[in-house]
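The values are calculated or read from the model by the stated rules, or taken from the named source; none is laboratory data. Quick caveat: nothing in here was measured; it's all calculated off a predicted structure. Neighbour counts run over all protein chains shown; Cβ positions are idealised from the backbone, glycine included.
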Amino acid sequence: MKNQKIIQLINVSKFYATEENPSVNRISLTIERGECLVLIGSSGSGKTTLLKLLNGLEKPSSGSILIKDKKIETYNIIALRRTFFGYVFQRIGLFPHMTVRENIEIVLRLNKKPRVFRTKKVNELLEFMHLNPDVYLDRYPDQLSGGEQQRVGVARALATDSECLFMDEPFGALDAVTRYDLQDEILRLKKAFKKTIVFVTHDIAEAFKLGDRIAVMNEGIIEQIGTQAEICEAPKTPFIEQLVHRGLS
Ligand SMILES: Nc1ncnc2c1ncn2[C@@H]1O[C@H](COP(=O)(O)OP(=O)(O)O)[C@@H](O)[C@H]1O
Ligand SMILES: [Mg+2]
């Protein structure tokens, strides 16, 4: 099953009416099944917009997006989001009035999974994320640390057993140690569940640790895409050279 195209972008652009320039500018990109593709770039370079296009939250102004060789608009996008994609938002996005259990099982409820199934799944996911269900199930988000909230956010995105996981700067607000631990969890879940992951960050160390390939975005385009070695050995632009050596300022 390796090296299969799971998502393809062909010449995709996104113009927002209020913006002078395209937020995503003629991007063509193939995502292989089972890879972790990291998008890195400065703030405003179009990373979140690209992720929203992949997830069907935004429609391209031009170009096509194919999911498993079929145009995204031929799918029922809501069904696709509930079964094929898991999404971890840039701001944590747990529902504050729902407990940990309710947050994680929400999509399972929408998918009409029976209670026994949901309970089993929520327990498994909490344990996988190293949160003891006895302790955490009935807590509310404001009773969790930032790192615990992110673990719940990831557990929620895993609940549907989706093939793809999209993560938008999930660890941006965390301290370095918590962040490092959670990066390890991502590597572990990638191995355990063989998911295709698109991960957004502005931290070059995080990008190199997690990415099979790294796409460097700047002003709506992908300036370079490749493995860590390819990018470090042959940075295509001065921007990328600086990114590799000094990170993003
Ligand atoms: N909903 C929107 N309406 C108008 N402009 C937007 C919207 N979302 C993003 N943009 C603009 O698109 C550009 C890229 O934004 P974004 O994709 O959020 O960048 P990043 O995630 O890399 O920081 C920015 O100039 C931003 O202001
Ligand atoms: Mg963003």
Looking at the stretch 52-90, which of its residues are aliphatic (A, V, I, L, M) and within 16 Å of ligand 2 (Cβ to nearest atom)? LEU53, LEU54, LEU57, VAL88
Among PHE193, PHE166, PHE171, which is within 26 Å of GLY56 (Cβ to Cβ), aromatic (Phe, Trp, Tyr) and touching a residue at least 40 places away in the same chain (Cβ under 8 Å)? PHE166
All helices (runs of 4 or more DSSP H) inside the stretch 79-155 with 3 or more residues being over 26 Å from ILE6 (Cα atoms) and in the same structural domain as LYS47 (by TED's automatic domain parsing): none
Flag if THR227 is exposed (fewer than 13 other Cβ atoms within 10 Å of the Cβ) and either more than 19 Å from the chain's Cα centre (by Cα) or not aromatic (Phe, Trp, Tyr) (or both): no
With respect to GLU19, is the statement that it is assigned by TED's automatic domain parsing to the domain that holds GLN228, more than 18 Å from the chain's Cα centre (by Cα), at negative phi and within 16 Å of ligand 1 (Cβ to nearest atom) true? yes
Residues located in the stretch 230-244, provided they are more than 21 Å from ARG26 (Cβ to Cβ), surrounded by 14 or more Cβ atoms within 10 Å (Cβ to Cβ) and not hydrophobic (A, V, I, L, M, F, W, C): GLU230, PRO235, GLU241
